[in-house]
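The structure under discussion appears below in the form of structure tokens.
The values are calculated or read from the model by the stated rules, or taken from the named source; none is laboratory data. All values derive from a computational prediction rather than experimental measurement. Here Cβ is always computed from backbone atoms with ideal geometry, including for glycine, and neighbour counts include all displayed protein chains.
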């Protein structure tokens, strides 16, 4: 049994991680920490866990994690960076679900996250935990930077196009729609039920922290892209729907079929990327509670543009599920262990 | 491997049954039938099943089920009664998720369901599939009548009170709130998104088909009860919240503690009934996607009334999950096999 | 033109009051105060008001209201009581949308609201602002206690029964379902979108502040009633659906028709109470954004109980609309001035 | 008093039209027709209208409209075209809220709407009822083609840019998010509550009927644009949020300020277009139930693109409200008569 600790178990990614691992046969949760809730039963905060998770929240001290093979940080940004080195030194692997280790350029990180980075030396060894591009590196990593939710859906939708030179990088627009759970479980007027439901709005149009993360990964496969990333808040709990636009280069008449084939080849054998038939319209609910990313390709002849539709559950493939997928790789387990749940429809 | 067939796989209880069984290690779905969708891939109707369920819908002929150990009817009412005898004759067990075999009194059934019953002879051998009251009978049953969603939550909330003579049967009021998936997946103006969301209404106040079902079961443990059953439609997909009121008989000062103890004793060891601490307020979302029923007991001294709060997911403990629980009992499997999913919060 | 001030214009009842008065031809808003937002344009907080309300929030000093004929308190409980006397002394009328003047018994108020009352001497002159029972007193009142949202819907549904001795007072149960806007616009984890949507729960089962308010009014028309009041939180913004149960006394066979007639007579001529045909099921959305209360009567012969269904918009008839109705009465305007908006369906 | 008839009063645009006109002081509804509901009280279908609209639905015969100055068609597409000529001949003005008269090119119309046009001769005299571009023509029109909901929000967001040559027409992408009421009140599995809520999806990516309508209008102010129009279904009743992307031409450094000024100048004095400060994020709920269109301009320097955010209520400015605005113009009333309702927040 792999023994794991979870730091920050009161947020939405934390409870989702607990929910998933509770049904993972080869993993045992040894400790769940929360400064604000230390002493409280985890199942008092999340009654869905009653009868299955009998731990109380512990104080987040280094001591708490001493018996763990792996520690997940389901914390706010700029938290894991203070503990990661000590954990690694003691032989404990680390997966950070927040952003501390996602950006390789420490200046860029500090600009977007507004803090001094506490352990810039670790950035080079941190592996960006998107299995579809870094599977082998993840297997041998001790420190994994779990990707952001928006980047996961955007990158998976764009990669085959960029790798194969099928689109003009400067033309990319990512219009992304996210459920409200992405904003976390913080007392905040802007995410009250009566503020969010029956309404839609854009936010962060001028700049969002996930933009440099997306750019960094896209640059690894192609030229620089000043893509536009435009997030929107949806009146739903879970789900990201990324609608990706880009000018096509290439195939002429047979664009639809050839690009469809390229996507299917790119993701053949991937356990958590499902390429739909060309012209499909994936619904976010088809992946609700599941670790799947569903992608559909549209080529619009008149405007010579691609429209790629990519959906994930932001709390699963966009956070906790992907973290478990990374853990499975790091410990040599089946990649889909604990992740077989199907999307909940309805 | 137990081989099962599903009749009527296009409705919400059907797809939920498929979703659950897809992760059940000891059960294999051999056939899924649907008259209207015969020939279509099941995963074309429910894309959440893509990659895991590769069957196409078949025509619902008797021949289709010949290799099945068990057939589930996830059909409208008055469907299973036409096929059940033939299946039983061929040695196939049957679980009907609709109402055909729930009411023992055929006249009463015909009054509420408005049809002539096709196989009244089977009523006496059908076992009402609520494991908390009929576990042993279910183990040896060939024909199980899976309970209605409202009855499941109401009966589990009332049974310990009635069995112990703690309430006045004539005073019972069941004010029940159900999500819209209970109305099924039929093209119907009344259940359109724009009709249901941002609104609450009562319906069937004068009489609902689940009322005689509830009464029949309550009568098995106590005197006749003309309970009031008052269903309401909620703007949510899943979940039933039953608020049960009754005049207390009995304990005087120590009512809260003693009744709490009675409930805890009654459901000790039950894998899918969770009695919360006295005075709790269970949320339906704590059981979303799970087979659990959560119950909390309130005793109001001033009015000498009990208020019992009982929540389930209408599609799981109220339908497909309970059907799988019954199947597990009928085939000697672990009772919770395939049913370990925790409620999805958020 | 009547000149009014609004204290506490940032909450949901405050903005609804502004929204309604913006279309009231005989009333002008002179000042809107908010300690936390002083200096900010009201329309920066509520962009729906852009172009129509050009005021900035002022500090809530007595000076701010000097030109007002009337001041509305759309504030938290225990706020109006500190300013009301001074305003009344300066000849300004007061409507408190909070609870400071609703309960005549100061001890009882202090028990439920947990504070010492700042002006108990005003309680006797405060008029409970439910026009359907106090219309004449409201016309000549200087201080009106605007009713709570739950009490409005419960009292209007029960009054004709109690006045005519048609029900057993000790048997009354009020199972009430409210939208989340009733919880106000406070940063609070429990009312986040991801906590409220797709779920239903009861709360305050053991006791809620609206219970003594309801009892006080019911006692004015009949014997003491230890009614059960059981509120529930619904995943919708606006609306209260009260389902009222009580044992019938009286008419025997002709119960439905005679009681229906009694309700129709009781509310004949009332501009904001609409008695539906017997056996109807009102939807809360039929009053969304409107000042109407819709009521339907059911008599269940088997159990000899009435089930009364009563719906309002908690922010309109349950708060801001009723306050405007009271203002109209206090200033001799048409009672429905500014209140003609119809419920928004869909 | 202007006397009006409404054809097709059972759909969502129909009831919204009735709701608005019920509070319009200079207009009287003489007749509401519906083939399927003839004989039924309008308020039995829409109880929000009880006490205010006492008409029953009539058969939609020409005779029914004989006393009307104006007839609104709130019907499916390809309905108004069969009656319009006869009504115009009898001196009755016509506003069609459907698409029959929006496209000038009859071939193009027939291609997208799949029917033979019944009165192509009327196309040339029909005025496209977007007051912001056709105010004078509408004043003298007898036949007005009320714009589609998507086109209204897209065109208002793009016009000032195109008119002033500030964007590259071939680069335009309109990513539009619409509430479910846009799909109408038809019994349809795809728009059931349990299918729409808690999910987001794109649809019609390859082509949607509103695309040729948008193109036709954009061409009147600029060169041809093969814009991409990509509609998405949102889990909310009302609201359209159009996110409009285009490559900037022009101003260099001062792009934001100068473009902001151009929009403010373009819509100065418009009663129903509200240009927010640059960099704002309008919410659809700020216009819920209101006839306002709110627009915000973002200029992204890195990518040299504009992102324009434009929100309307699809049933008001996108349908019934705009129809009333057109009626006001056609009959010389104040343009905002009956349309002063503010957006409902919350």
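At positive phi and not assigned by TED's automatic domain parsing to the domain that holds residue D:215: does that describe residue D:78? Criteria met by residue D:78.
Can you tell me which residue among C:86, C:74 is in contact with a helix residue (DSSP H, G or I) (Cβ under 6 Å, 6 or more places away or on another chain), more than 30 Å from residue D:296 (Cα to Cα) and loosely packed, with under 14 Cβ neighbours inside 10 Å? Explain how you work it out, then say what you get.
On the way: C:74 fails: loosely packed, with under 14 Cβ neighbours inside 10 Å.
Exactly one residue qualifies, and that residue is C:86.
Against the conditions (1) closer than 30 Å to residue B:199 by Cβ; (2) touching a helix residue (DSSP H, G or I) at 6+ places or on another chain (Cβ under 7 Å); (3) away from chain A (no Cβ under 11 Å), residue D:273 satisfies every one except (1).
The set of residues in the stretch A:268-293 being assigned to a helix (DSSP H, G or I) and surrounded by fewer than 24 Cβ atoms within 10 Å (Cβ to Cβ) is empty.
Looking only at residues in the stretch D:302-320 that are farther than 20 Å from residue D:159 by Cα and facing chain A (nearest Cβ under 8 Å), the one that is surrounded by the most Cβ atoms within 10 Å (Cβ to Cβ) is D:303.
Within the stretch A:209-235, the set of residues being modelled with pLDDT under 95, facing another protein chain (nearest Cβ under 9 Å) and in contact with a strand residue (DSSP E or B) (Cβ under 7 Å, 6 or more places away or on another chain) comprises A:227 only. Only one of the listed residues (A:170, A:153) is at pLDDT below 95, in a helix (DSSP H, G or I) and either touching a strand residue (DSSP E or B) at 6+ places or on another chain (Cβ under 9 Å) or crowded, with 24+ Cβ neighbours inside 10 Å (or both). That residue is A:170. Somewhere in the stretch D:143-159, is a residue over 20 Å from the mean Cα position of the chain (by Cα) and outside the structural domain of residue D:45 (by TED's automatic domain parsing)? No, the conditions are met nowhere in the stretch D:143-159. Does any residue of the stretch B:302-321 turn out to be free of Cβ contacts under 8 Å to residues at least 24 places away in the same chain and touching a strand residue (DSSP E or B) at 6+ places or on another chain (Cβ under 7 Å)? Yes, because at least one residue in the stretch B:302-321 is free of Cβ contacts under 8 Å to residues at least 24 places away in the same chain and touching a strand residue (DSSP E or B) at 6+ places or on another chain (Cβ under 7 Å). The single condition among (1) farther than 16 Å from residue A:167 by Cβ; (2) away from chain B (no Cβ under 14 Å); (3) touching a residue at least 12 places away in the same chain (Cβ under 8 Å); (4) outside any loop (DSSP other than H, G, I, E, B) that residue A:255 does not meet is (1).
How about the stretch C:16-27: which of its residues are within 11 Å of chain D (Cβ to nearest Cβ) and closer than 18 Å to residue C:64 by Cα? Answer for the stretch C:16-27, where residues must be within 11 Å of chain D (Cβ to nearest Cβ) and closer than 18 Å to residue C:64 by Cα: just C:18.
Picking from D:129, D:91, D:165, which residue would you name as being more than 14 Å from every other protein chain (Cβ to nearest Cβ), surrounded by fewer than 17 Cβ atoms within 10 Å (Cβ to Cβ) and at pLDDT 95 or above? Being more than 14 Å from every other protein chain (Cβ to nearest Cβ), surrounded by fewer than 17 Cβ atoms within 10 Å (Cβ to Cβ) and at pLDDT 95 or above holds for just one of D:129, D:91, D:165, which is D:91.
Among the residues of the stretch B:241-250, are any in contact (Cβ under 8 Å) with a residue 12 or more places away in the chain, within 23 Å of residue B:184 (Cβ to Cβ), outside any strand (DSSP E or B) and within 13 Å of chain C (Cβ to nearest Cβ)? Spell out the reasoning first.
Initial filter on the stretch B:241-250 (in contact (Cβ under 8 Å) with a residue 12 or more places away in the chain): B:241-250.
Restricting the remaining residues to those that are within 23 Å of residue B:184 (Cβ to Cβ) gives B:241-242.
Those left that are additionally outside any strand (DSSP E or B): none.
Checked against the condition, which is being in contact (Cβ under 8 Å) with a residue 12 or more places away in the chain, within 23 Å of residue B:184 (Cβ to Cβ), outside any strand (DSSP E or B) and within 13 Å of chain C (Cβ to nearest Cβ), the stretch B:241-250 yields no hits at all.
Here residue D:307 passes the criteria (1) in contact with a helix residue (DSSP H, G or I) (Cβ under 9 Å, 6 or more places away or on another chain); (2) under 28 Å from residue A:189 (Cα atoms) except the one numbered (1). In the stretch A:34-42, the count of residues that are touching a residue at least 12 places away in the same chain (Cβ under 8 Å), surrounded by fewer than 20 Cβ atoms within 10 Å (Cβ to Cβ), closer than 25 Å to residue B:284 by Cα and in contact with a strand residue (DSSP E or B) (Cβ under 7 Å, 6 or more places away or on another chain) is one or more. Considering (1) more than 21 Å from the chain's Cα centre (by Cα); (2) under 17 Å from residue B:346 (Cα atoms), the lone condition that residue A:56 does not fulfil carries the number (2).
One residue alone among D:333, D:342 is over 27 Å from residue D:172 (Cβ atoms), away from chain C (no Cβ under 14 Å), at pLDDT 95 or above and in contact with a helix residue (DSSP H, G or I) (Cβ under 9 Å, 6 or more places away or on another chain), and that residue is D:333.
Being over 23 Å from residue D:143 (Cβ atoms) and modelled with pLDDT under 95 is the requirement here; does residue D:40 meet it? It is false that residue D:40 is over 23 Å from residue D:143 (Cβ atoms) and modelled with pLDDT under 95. The set of residues from the stretch D:173-197 being free of Cβ contacts under 8 Å to residues at least 40 places away in the same chain, within 19 Å of residue A:285 (Cα to Cα) and either crowded, with 24+ Cβ neighbours inside 10 Å or out of contact with any helix residue (DSSP H, G or I) (no Cβ under 6 Å at 6 or more places or on another chain) (or both) comprises D:188, D:189, D:190, D:192, D:193, D:194, D:195, D:196, D:197.
Just one of (1) away from chain C (no Cβ under 14 Å); (2) at pLDDT 95 or above; (3) within 25 Å of residue C:277 (Cα to Cα) fails for residue D:30. It is (3).
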